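Chemist: Structure provided below as C-alpha cells; questions to follow.
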Amino acid sequence: MKRRNLILMAMALTGAAALGTTAGAEGVEDWPVVTTAVVPTQPVTDEEMVETALNEYLVSIDAGIQMDIIPIEFGNLSTTMTLMLTSPEDPIDVFSYNFFSKLTSVVANEQVVPLDEFLEEYPDIVDVVGEEYLPLGQINGTQYALPNIGAYGQIFCYALRSDIAEAIGYADKEGQLMTLQEITEMLLKAKEAFPELAFITNEEFGIMNIDRLGDSNCTGVLMNNGIDNTEVVNLYATDTFKEFLDCAVQWKEAGLFLDDPLNQPLDKSYMKTGVSGGSFHNGFSVEDARQGANVYGYDWKIYPITEPVATAQSASGSGYCISSVTRDEEASKKALYLMYTDENVMRFLAQGVEGAHYVVDENGCSWYPEGESMTSLGWGTGAQWYFPNQTLCIPFETDNPHYYEEMLASNDNCQKSKAIGFAFDSEPVYDEYAAVTAVIEEYRDALVFAQVDVDSYLEEFLGELEAAGIDDVIAEKQSQLDAFLAAEE
Amino acid sequence: MTKSEKAKKRLSLKKRLKKYAPLYLLALPSLLYLVVNNYLPMGGLVLAFKKFSFRKGIWESPWNGLKNFTFLFGSKWAKIMFTNTILYNVVFLLLGTVFAITVAILLNEVISKKAQQVYQTIILIPHLMSMVVVGYLVFAFLSGSNGFINKSILEPLGFEGVSWYTEAGYWPVILTIVHLWKSFGFQSIVYFATIVGFDRAYYEAAAVDGASTWQQIRKITLPMLRPTVIILLVMSLGRMFASDFGLFYQVPQDSGMLYRTTTTIDTFVYRALMQDNDVGRSLAAGFLQSVLGFAVVMITNLIVRKTDPDSALF
C-alpha cells in the first residue's frame with residue numbers, strides 16, 4: 001500500500017498532469033488494484049520501476065484500474081499460488097495455471113470464476129483468441145480460462161547439430177519430412193562419426209503422430225493426431241508403439257541413449273552442455289524449431305518427423321483465469337481484457353521497460369540492452385510465451401520481425417485434431433486412473449529406453465495396465481470426448 | 001497411590017498452581033506453540049472427509065464421505081505399499097536398535113576421551129547429510145555404466161555388471177544398508193548418552209567382584225538400558241505407517257522398475273497426487289497413517305503396561 005501511495009504521489013506531482021489526463025486521473029486512489037503474477041527465474045529488483053510505469057500508463061488510458069505485479073519465484077510457484085488462491089485477503093486476481101496446475105484441476109477445485117459474462121462484456125476478445133481456439137479454456141461448455149495466445153500447432157522433429165549434419169552429409173536434407181526409421185539411419189551414421197556423443201536424451205511421444213488429449217501419461221490417445229478419427233485407443237497396445245520400441249532397441253544397441261537414462265533428467269539441456277549431438281524437438285515450423293534449438297548454443301538442422309498439426313495436446317497447456325476469491329471481479333475482467341489486447345500492458349509485464357530491460361533495433365526486433373543478460377537484468381524479460389498474448393510483444397532475441405505474424409498464420413494453416421479443446425476429467429475414474437498411472441510410471445521409461453527386454457516386458461506392461469483398469473479409463477475418456485464433440489456441433 | 005492420597009493432591013491443585021506459577025509461566029510459550037502448531041491445524045483434518053472447494057473454503061465445502069480414501073485401496077498397489085511400509089519399518093526398527101545399542105556400548109568401552117569424541121563425530125556425519133546427496137552417493141556406487149560396483153568390483157573380477165536400477169529384488173537390502181548407515185550414528189549417541197549417565201558404582205562393584213567386561217555389559221548395561229529402549233521403540237512405532245520419503249524416493253531415484261520394492265504409502269501418495277493439488281485426498285492419506293500409527297502406539301503401550309509398568313509411556 002505504501003508503495004502505491006508513493007506512486008500516486010509521484011504521479012500527482014509530475015506525471016499525470018504532463019500526460020494530459022487530469023480528468024481521468026481523478027480518484028485514481030479509489031481505483032481497484034488488480035494483482036497478477038510474474039514468475040521470474042532470477043531476482044526481480046525492478047518491480048517498482050515496472051509497476052510505476054505500468055500504472056502511469058493505466059492512468060493515461062483512464063483504465064479505471066491499477067495493477068500490482070507480484071513476482072513469485074519459480075521454485076515456490078505451486079505453494080505460493082495455492083495459498084494465494086485460498087486467501088480472500090491477499091488474493092492473486094488474474095493468474096495462469098501454467099507450471100503448477102491444469103485447467104481441469106483449477107475448475108474442479110473451484111479456484112476460478114466462469115468467464116462467459118466476460119466474453120459478453122468484451123466481445124472483441126473472441127477474435128483476439130480465435131473462435132475455434134476458445135474451447136481450449138472451456139470445461140463442459142463453460143468458459144473458465146482464456147488460452148494463452150501462441151502457436152497451437154506443432155511439428156515434432158529431430159534437431160541435429162549442424163557440424164554433425166555436414167560431416168555425415170545430411171546438411172542439405174534439412175526440412176524434409178522423415179520417418180522414424182530414416183531418422184534412426186541418420187543417427188546411426190552420426191553416432192559412427194561422433195561416438196562420444198549421445199543422440200537421444202528426451203522422451204517425445206508426439207513423434208508417433210498421436211493426440212495425447214492433454215494427458216502426458218497417454219492413458220488413451222487418438223491416433224493420426226485425431227485429424228480423421230475420434231476413437232480413443234490404448235497407445236501402448238498399438239502397432240505404432242511397438243514400432244517405436246523396435247527403434248528404441250536399435251537406439252539402445254547403437255548406444256544413442258544417454259548413460260543411465262533412468263537416472264538422469266531427460267530433457268534437451270544436454271544440447272547445451274555438448275553431451276548430446278541432437279535431440280527430439282518441436283516448434284510451430286521448421287524455422288521456429290531451429291530458432292528454439294539455437295537457444296541451446298551451437299547451430300542446428302531440423303528434420304521434421306510430423307507435419308504441423310494442432311492437437312488437444314499441443315494447443316492446451318496454458319491459460320489465464322480470474323481467481324474465485326478475487327476482491328473485485330469487474331476490475332479483474334478489465335485487467336484480463338487489457339492483458340490480451342493492449343500491447344503496452346503486455347510489454348510491461350513480459351518485457352519490462354524499454355531501454356532498461358530491452359532495446360529495439362531498426363528492424364523492429366528487441367534484444368537485451370548492451371552488456372546485459374537474463375541474469376543481470378532486474379526484470380524477467382525472455383519469457384513472453386508465459387503471458388496472455390505474446391503476439392503483442394516485440395520479437396525478442398531474433399532477427400525475424402515477423403515472428404509473431406508467422407506464428408498466428410501457422411494457427412490458421414495447420415491441420416487440426418477434432419478434439420481441440422477437449423480436456424479429460426479423471427475424477428469419475430480417479431482410483432483406476434491413479435492405478436494406471438502408477439503402472440505407466442513403473443514400466444514406461446524402462447521400455448522406451450530399452451533398459452529391459454522389450455518383448456517380454458511389453459506384454460507384462462499391457463497385462464498390468466489391464467488389471468489396473470485402463471479399459472475403464474479409456475471408456476470414460478471416450479464417453480467424455482463423445483459428449484464434448486456432440487456439444488461442439 | 002491410594003484414593004485418599006489422590007484426593008489430597010486434587011485438593012491442593014490451587015496451591016500447586018500458586019506455588020509453581022513461575023514455572024507454568026515459563027512453559028507457557030512452548031505450550032502456546034504446541035497448541036498453535038500441533039493442535040490447531042488438526043481442525044483441517046475435517047477436509048479428509050470433504051470435497052474441498054477453494055471458493056467455498058474449509059467449512060462450506062460439501063461432505064464427501066470416505067471417497068477420498070478409496071484411491072489408496074483400489075489396486076494392487078494397496079497391498080504393495082502397506083506391506084512395504086510395515087516390513088521396512090519393522091526391519092529398520094529391529095536392526096537399527098540392535099546396531100545402535102552395539103555401537104553405543106562399544107563407544108562406552110573406548111577409554112580415550114579424545115578418541116570417543118572423534119568417533120562420535122564421525123558416525124554422526126551421515127545423519128547430517130541430505131537424502132538427495134545420499135541418493136547420488138548411492139548412484140555413484142550403483143550406476144549401470146560408470147558405477148563403482150559394476151566398473152571397479154564386478155567387471156574386474158570377471159562378473160557381468162548388474163543393472164541395479166531395473167532390478168527390484170536388490171533394493172530391500174540396499175535401502176536397509178543405506179538407512180542403517182545414515183541413522184545409526186544419531187541413535188547410538190542417544191543410547192550412549194543414557195549409558196554415560198549410569199552410576200559408575202555398579203561397574204566398580206562388579207569389577208571388584210571379578211566380573212568381566214562382557215558380564216558387565218550383559219548384567220548391568222543392558223538391563224539398565226531397557227526402559228530407554230522400550231520408550232524409543234514405542235515412540236517409533238507411532239511412525240509405523242509413515243516412511244522416510246527421501247529414502248524411498250530420492251535414493252532409488254524414482255526409478256519405475258523398482259516400484260515393487262520401493263513404493264511406500266508416502267511415495268505412492270506423492271506420485272498419485274502430485275499433479276492434482278488435491279487437498280482432500282492428500283489429507284485422507286496422512287490422516288489414515290496417523291490414525292493407524294496412533295492405534296499401534298496405544299496397543300503397544302497397553303502391552304508394555306501389562307508386562308512392565310515402569311517402562312510404559314503413560
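Laboratory data are not the source of any read-out in this text; all were calculated from the coordinates shown. Here the structure is a predicted model, which is why all the values come from computation and not from measurement. Here Cβ is always computed from backbone atoms with ideal geometry, including for glycine, and neighbour counts include all displayed protein chains.
Chemist: For B:LYS76, which lysines qualify as cross-link partners when the Cα separation must be under 22 Å and same-chain residues fewer than eight apart are set aside?
Modeler: Output for B:LYS76: B:LYS67.
Chemist: If you keep only loop residues by DSSP, which GluC sites (Glu not before Pro) in the range A:117-216 have at most 10 other Cβ atoms within 10 Å of their Cβ?
Modeler: A:GLU196
Chemist: Taking neighbour Cβ counts within 10 Å as the exposure measure, how do B:MET129, A:MET186 sort from fewest upward?
Modeler: By the 10 Å Cβ count, ascending, the order reads B:MET129, A:MET186.
Chemist: Given springs between every Cα pair under 10 Å in a Gaussian network model of chain B, which of B:PHE184, B:PHE198, B:PHE69 has the largest fluctuation?
Modeler: Greatest mean-square fluctuation among the candidates belongs to B:PHE198.
Chemist: Report, in degrees rounded to the nearest 10, the 0 to 90 angle that the Cα long axis of helix A:470-488 makes with the longest principal axis of chain A.
Modeler: 50
Chemist: Averaged across orientations, what area in nm² does the convex hull of the alpha carbons in chain B project?
Modeler: For chain B, the mean projected area of the Cα convex hull comes to 25.4 nm².
Chemist: Taking the number of other C-beta atoms within 10 Å as the exposure measure, put B:LEU13, A:LEU262 in order starting with the fewest.
Modeler: Numbers: B:LEU13 9, A:LEU262 22.
Going from least to most buried by this count: B:LEU13, A:LEU262.
Chemist: Over the range B:80-148, what per residue volume does the convex hull of the Cα atoms give, in whole Å³?
Modeler: With only Cα atoms used, the range B:80-148 gives 126 Å³ per residue.
Chemist: Using the Kirkwood formula over every pair of different C-alpha atoms, what hydrodynamic radius in Å results for the protein assembly as shown?
Modeler: On the way: mean 1/r = 0.0323 Å⁻¹.
Result for the protein assembly as shown, one decimal place: 30.9 Å.
Chemist: With charges set only on the Cβ (+1 for Lys and Arg, -1 for Asp and Glu), what does the dipole of chain B come to about its Cα centre, in debye to the nearest 20?
Modeler: On the way: 31 positive and 16 negative charges, 401 e Å.
Roughly 1920 debye, rounded to the nearest 20.
Chemist: Same structure again: For a footprinting-style exposure proxy, rank B:VAL133, A:VAL473, B:VAL229 by other Cβ within 10 Å, fewest first.
Modeler: B:VAL133, B:VAL229, A:VAL473
Chemist: Which value, in debye to the nearest 20, describes the size of the charge dipole of the protein assembly as shown about its Cα centre when Lys and Arg Cβ atoms bear +1, Asp and Glu Cβ atoms bear -1, and nothing else is charged?
Modeler: Using Cβ point charges on Lys, Arg, Asp and Glu, the protein assembly as shown gives about 7200 debye.
Chemist: Just name one of B:TYR136, B:ILE149, B:ALA100: the one whose Cα is farthest towards the positive end of the charge dipole of the range B:77-311 (beta-carbon charges, Lys/Arg +1, Asp/Glu -1).
Modeler: Value: B:ALA100.
Chemist: Shifting gears a bit: Give the Rg/Rh ratio for the range A:104-153, taking Rg as the radius of gyration of the Cα atoms and Rh as the Kirkwood radius, to two decimals.
Modeler: Ratio of gyration radius to Kirkwood radius: 0.96.
Chemist: What residue among B:ALA140, B:ALA201, B:ALA27 shows peak mean-square fluctuation when chain B is described by a Gaussian network model with Cα springs under 10 Å?
Modeler: Top of the fluctuation ranking is B:ALA27.
Chemist: Could you calculate the FRET efficiency of A:ALA487 with A:GLU330 from 1/(1 + (r/R0)^6), where r is the beta carbon distance between them and R0 is 25 Å, rounded to 0.05?
Modeler: 0.30
Chemist: Output the antiparallel fraction of DSSP beta bridges having both residues in the protein assembly as shown, as a percent to the nearest 5.
Modeler: Close to 65 percent.
Chemist: Right, here's the next one. Give me Rg/Rg_expected for the range A:427-488, where Rg uses Cα atoms only and Rg_expected = 2.2 N^0.38 Å with N residues.
Modeler: Numbers: Rg = 14.2 Å, N = 62, 2.2 N^0.38 = 10.6 Å.
So the Cα radius of gyration is 1.35 times the expected 2.2 N^0.38 Å.
Chemist: Let me ask something else about it. For chain A, what does the helix formula give at 222 nm: sum of -39500 (n - 2.57) over DSSP H segments with n ≥ 4, over the residue count, nearest 500 deg cm²/dmol?
Modeler: Only helices count here, giving -11500 deg cm²/dmol.
Chemist: How far, in degrees from 0 to 90, does helix A:329-341 lean away from the longest principal axis of the Cα atoms of chain A, to the nearest 10?
Modeler: The answer is roughly 60 degrees.
Chemist: Now for a separate question. Which value, in debye to the nearest 20, gives the size of the charge dipole of the range A:427-488 about its Cα centre, when Lys and Arg are +1 and Asp and Glu are -1 at the Cβ?
Modeler: Dipole about the Cα centre, nearest 20: 180 debye.
Chemist: Give the total of Lys-Lys pairs in the range B:77-311 with Cα-Cα distances below 25 Å; include a pair only if its members are 8 or more places apart or on different chains.
Modeler: 5
Chemist: While we're here: If contacts are Cα pairs under 8 angstrom and at least 6 residues apart, what is the relative contact order of chain A in percent? Present the calculation step by step, with values, prior to reporting the outcome.
Modeler: On the way: 858 pairs, mean separation 105.4, N = 489.
Relative contact order, chain A: 22 percent.
Chemist: What do you get for GluC sites (Glu not before Pro) in the range A:344-427 restricted to DSSP loop and a cutoff of at most 12 other Cβ within 10 Å of the site's Cβ?
Modeler: When the GluC sites (Glu not before Pro) of the range A:344-427 are filtered for loop state and at most 12 Cβ neighbours within 10 Å, A:GLU362, A:GLU370 remain.
Chemist: Once the Cα atoms of helix A:430-448 and of chain A are each reduced to a long axis, what angle between those two axes, in degrees from 0 to 90 to the nearest 10, is obtained?
Modeler: 60
Chemist: With just the Cα atoms defining each centre, how far is the range A:32-73 from the range A:308-350? Give it in Å.
Modeler: Value for the Cα centre distance between the two parts: 15 Å.
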